[in-house]
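Written below as structure tokens is the structure these notes are about.
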Amino acid sequence: MRFTITREQLLTPLQSVSGAVEKRQTLPVLSNVLMVVDDSKLSLTATDLEIELKAHVELEGEFEPGEITVPARKLLDIIKSLGDGESVKIEMGENRLRITTPGSRFNLSTMPANEFPSLEETASLASLNVSQHTLKELIEKTQFAMAQQDVRYYLNGMLFEFDEDSLTSVATDGHRLALSREAVKLELDERVNAIIPRKGVAELGRLLEHSEDDITLSLGSNHIKITDSGYSFTSKLVDGRFPEYDKVLPRNGDKVVIADREVLKESLSRASILCNEKFRGVRFMLSNGQVRLHANNPEQEEAEVEFSVEYQGPDLEIGFNVSYMIDVMNTIKTDQVKLTFIDANSSTLIEEVDGGESMYVVMPMRL
């Protein structure tokens, strides 16, 4: 294997795939990136056996085909350290990959390409095109609510629901739920569901751009594959049954509050300074035209914050985990938010005012 490339041409695809490299690998080869030169194209592949990222770049000039794996982090650090526009010559030596630039030389250890694993993909059940922007928006509006290391493994990921006229993302950790829906025309015979694991969602969010360019999305029984002009992303799916989120959405709420999102967010942040650091509880006291937030901690310190809202109705006192509420305010982009309450023991529904089909549910806390 031998080819010459510029620093920028190699750095971009290398950064794209680096997120899939397993830091605490069980197999040494998983800390490597697979390099394949063939048909005037360089392909770079990284995997942790759960997700796989592949990027490619067209080669100019002479090249010799071949394939090898090299330490991903070291290769990335070397290429990052080079100057802008610097020419890089890469060739195989005896069990070493030689990287040569006008002012420096590096020899990297290698492992055979045939030891590099690939994700097994089943036949595609559905294939569709969707804009990068649509998919990135759905991820950004819901990913904060995913569970981190829940024993209910199906919560450690995000549900994507594909319908003939909409694409929906849902995430929940059992204490809060985030749902976002985008109207898109998908040529599907029936509704299709897929749960993408947490790491896959994070990498996908990193790769996607707010662009109207289409990507191709293929769904199999155990994997999802997303293909763009410069890369392909494959992830195993979580094999589990996601909770029926429709049953979690609060119905018949009769206490509707319209609040300025920025004011509510700043008020929550102020009150949180003196809340119990372990439980993060804040008392939310609602009365005509006003909300009063109250927080305290084991050191007998207290915080009280008041602000005006649009509300006419009975008084209500309810407790929340303040971090959950701030996460929602950070995600919503509209100037105003709508909060719908039922009673002190029921979940609260939070929505954007004239901002689209996103809904957030936060369970109450006993304080």
Measure nothing but the geometry: give the 0 to 90° angle between the long axis through the Cα atoms of 72-81 and the longest principal axis through the Cα atoms of the chain, rounded to 10°. 90 degrees
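If you take every residue apart from Val17 with its C-beta less than 10 Å away from the C-beta of Val17, what net charge results, scoring Lys and Arg +1 and Asp and Glu -1?
-1
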Gain in length, Tyr153 to Ala303, computed as 0.36 nm per residue apart minus the alpha-carbon separation, to one decimal in nm? 50.3 nm
Check: C-alpha center the range 316-367 vs C-alpha center the range 1-71, spacing in Å is 44 Å
Full extension between Asn95 and Thr12 adds, at 0.36 nm per residue less the Cα distance, a length in nm of 27.3 nm
Once the Cα atoms of helix 198-207 and of the chain are each reduced to a long axis, what angle between those two axes, in degrees from 0 to 90 to the nearest 10, is obtained? 70 degrees
I'd like the orientation of helix 132-142 relative to the chain: the angle between its Cα long axis and the longest Cα principal axis, in ° from 0 to 90, rounded to 10. 50 degrees
What net charge do the residues around Asn129 carry, taking every other residue with its C-beta under 12 Å from that of Asn129, with Lys and Arg at +1 and Asp and Glu at -1? -4
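Could you pull out the GluC sites (Glu not before Pro) across the range 47-101 that fall in loop regions by DSSP (anything but H, G, I, E, B) with no more than 12 other Cβ atoms inside 10 Å?
Sites meeting the loop and neighbour criteria: Glu60, Glu62, Glu94.
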Quantify how much of the Cα-Cα distance distribution of the range 38-168 extends past 24 Å, in percent. 52 percent
Using θ = phi - 60° and Karplus 6.51 cos²θ - 1.76 cosθ + 1.60, couplings along the range 262-271 (whole Hz; Gly, Pro as x): 5, 5, 4, 4, 5, 5, 4, 4, 5, 4
Using the heavy atoms of the protein chains and a 1.4 angstrom probe, tell me the accessible area per residue for the range 25-75 in square angstrom. 46 Å²
Which loop-located trypsin sites (Lys or Arg not before Pro) does the range 183-263 contain, where loop means any DSSP state but H, G, I, E or B and the Cβ has at most 15 other Cβ atoms within 10 Å? Lys185, Arg191, Arg241, Arg251
Pairwise FRET efficiency - Asp77 versus Thr26, Cβ, R0 = 25 Å, nearest 0.05: 0.60
Loop sites in the range 285-367: GluC sites (Glu not before Pro), DSSP, at most 16 other Cβ within 10 Å: Glu299, Glu301
Formal net charge of residues neighbouring Ser235 (Cβ-Cβ distance under 9 Å; K, R +1; D, E -1): 0
Once the principal axes of the Cα atoms of the chain are found, what is the range along each, listed largest first in whole angstroms? 78, 53, 35
Which pairs in the list Lys136/Lys199; Lys236/Lys338; Lys23/Lys89; Lys199/Lys247; Lys141/Lys338; Lys41/Lys225 are over 25 Å apart, alpha-carbon to alpha-carbon? Lys236/Lys338; Lys23/Lys89; Lys199/Lys247
Quote to one decimal, in nm, the extra length available between Glu115 and Lys278 on full extension: 0.36 nm per residue of separation minus the C-alpha distance between them. 54.1 nm
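The values are calculated or read from the model by the stated rules, or taken from the named source; none is laboratory data. The structure displayed is predicted, hence computed values, not measured ones. Neighbour counts run over all protein chains shown; Cβ positions are idealised from the backbone, glycine included. Side chains included, ligands, DNA and RNA excluded: accessible areas come from the protein's heavy atoms. Shrake-Rupley method; radii C 1.70, N 1.55, O 1.52, S 1.80 Å.
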